[in-house]
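Below: one structure, written as structure tokens.
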Amino acid sequence: MDLDDPVCLCFRVTKRKLLAFLRTQQPQVASRLSECGGAGTGCGWCVPYLKKLFDDRELDESSADYAVQRERYRDTGERPNDQ
């Protein structure tokens, strides 16, 4: 996933913005990432990714794969690891 790809597709919050928020605000818990443009407060798809981003501070996934997985989640309610 590129830095300018949206992680939160509901509110178009990019990976770059989230990483900048992590660097400048240094949140103590992952849920504070919601203060960055509302990330994670829409459909909820990106919440596990936000938690991983908080824990790892960096993830590598193609934006196309991420978008396909989100569509599947929106259609079925299942995340890739739920299967």
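The values are calculated or read from the model by the stated rules, or taken from the named source; none is laboratory data. These numbers were taken from a predicted model, which means no experiment stands behind them. All Cβ positions, even for glycine, are placed from backbone atoms using ideal geometry, and neighbour counts span all protein chains on display.
So, in region 30-76, of the ones that are over 19 Å from D4 (Cβ atoms) and of a type in the set (S, T, Y), which residue ends up surrounded by the fewest Cβ atoms within 10 Å (Cβ to Cβ)?
Across region 30-76, the extreme among qualifying residues is T76.
Just one of E58, E78 is within 12 Å of the chain's Cα centre (by Cα) and modelled with pLDDT under 90; which is it?
Answer to the check: E58.
Filter region 17-29 for residues that are surrounded by fewer than 18 Cβ atoms within 10 Å (Cβ to Cβ) and either in a loop (DSSP other than H, G, I, E, B) or under 11 Å from the mean Cα position of the chain (by Cα) (or both) and give the result.
L19, Q26, P27, Q28, V29
Just a yes or no: is a residue in region 5-27 modelled with pLDDT under 90 and out of contact with any Cys (no Cβ under 8 Å at 6 or more places or on another chain)?
Yes, region 5-27 contains a residue that is modelled with pLDDT under 90 and out of contact with any Cys (no Cβ under 8 Å at 6 or more places or on another chain).
Restricting attention to region 30-60, which residues are in a helix (DSSP H, G or I) and among the polar types (S, T, N, Q)?
Selection gives S31, S34.
Give region 1-16 a look and list any residue that's assigned to a loop (DSSP other than H, G, I, E, B) and surrounded by 16 or more Cβ atoms within 10 Å (Cβ to Cβ), or say none.
Those that are assigned to a loop (DSSP other than H, G, I, E, B) and surrounded by 16 or more Cβ atoms within 10 Å (Cβ to Cβ): M1, D5, L9, C10, F11.
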